[in-house]
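Remarks on the structure that follows.
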Amino acid sequence: MLNDLSLDKQVYIVTGYTDLRRSIDRLAMIIKAQLQLDPYSTALFLFCGRRCDRIKELLWEGDEFLLL
């Protein structure tokens, strides 16, 4: 179920490029290791590909991850 994506959420941009073929588990590991944050928080995490023309978003919905 898609929650309200209002502007009161924190948004984190992961610096550098990320292989966008990575799974949800691998992206969550990047959040823990590189940002030292909890991937299960209500924040929105943005990952940029090498060409910088694509992004991947990861959001915890309370019971599952939403990958955009």
> How much area per residue is accessible in the chain when the probe is 1.4 Å and only protein heavy atoms are counted (Å²)?
Replying inline: 72
> Where Rh is the Kirkwood radius over the Cα pairs of the chain, the temperature 25 °C and the viscosity 0.890 mPa s, what D in µm²/s does Stokes-Einstein return?
Replying inline: 201
>> As an exercise, use a Förster radius of 35 Å and the Cβ-Cβ distance of Leu35 and Asp63 to find the FRET efficiency, rounded to the nearest 0.05.
In response: 0.95
>> Accessible area of the chain with a 1.4 Å probe: how many percent of it is carbon plus sulfur?
In response: 53
>> Around Phe47, under 15 Å between beta carbons, what's the net of Lys plus Arg minus Asp minus Glu among the other residues?
In response: +4
> How high is the relative contact order of the chain, given as a whole-number percent (alpha carbon pairs under 8 Å, six or more residues apart)?
Replying inline: 34
> Farthest toward the dipole's positive end in region 9-68, which of Ala33, Gly16, Phe65, given Cβ charges of +1 (Lys, Arg) and -1 (Asp, Glu) about the Cα centre?
Replying inline: Gly16
> Within a Cβ distance under 15 Å of Glu64, other residues only, what is the Lys/Arg minus Asp/Glu net charge?
Replying inline: -4
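The values are calculated or read from the model by the stated rules, or taken from the named source; none is laboratory data. Values in this document were obtained by computation on a predicted structure and should not be read as measured data. So basically every Cβ, Gly included, is an ideal-geometry build from the backbone, and we count neighbours across all protein chains shown. Just the protein is used for accessible areas: all its heavy atoms, side chains included, with ligands, DNA and RNA removed. Shrake-Rupley method; radii C 1.70, N 1.55, O 1.52, S 1.80 Å.
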